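First the structure, in the form of structure tokens, and then the observations on it.
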Amino acid sequence: MAPTTTQPRRRLSKEARRAKLIAAAEAVFAEVGHGGATMELVAAHDGVTRSLLYAHFASIDEIYLECHRTAREEMGAQDEFPHVVVNDRLERAVAELVAIVRAARDP
């Protein structure tokens, strides 16, 4: 039997890991929506443990808000969307919306 060689795993930087987790969360939210998304699904989608995911985000709602913030920043950086401004009022409005959805889902 021929010996197998494996590439050593490289540790991602904190920023790269966070970006990868956000991308995984975006895919999960697109597939199952906010109501169906769980930390377990996001971790499984990225092939990491839940504890690693929790080291970066406290909850699924925090990841959801971060996905929105990242998307707004990306749209604001594009010339086609110069009117998109990331600000505290918008961030609070999204957080309040998430709280309302959570309260309706978990009475």
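The values are calculated or read from the model by the stated rules, or taken from the named source; none is laboratory data. Because the structure is a prediction, the values reported are computed rather than measured. Cβ placement follows ideal geometry from the backbone for every residue including glycine, while neighbour counts extend to all protein chains displayed.
Laid out as a table, the results:
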read-out: Within region 31-57, considering residues that are surrounded by fewer than 10 Cβ atoms within 10 Å (Cβ to Cβ) and either assigned to a helix (DSSP H, G or I) or polar (S, T, N, Q) (or both), the one modelled with the highest pLDDT; value: SER51
read-out: Every pair of residues 6+ apart whose Cβ atoms lie under 9 Å, when the first sits in region 24-50 and is in contact (Cβ under 8 Å) with a residue 12 or more places away in the chain and more than 21 Å from ARG10 (Cα to Cα) while the second is in a helix (DSSP H, G or I) and among the polar types (S, T, N, Q); value: GLU26/THR70
read-out: Within region 62-107, considering residues that are modelled with pLDDT of 70 or more and β-branched (Val, Ile, Thr), the one surrounded by the most Cβ atoms within 10 Å (Cβ to Cβ); value: ILE63
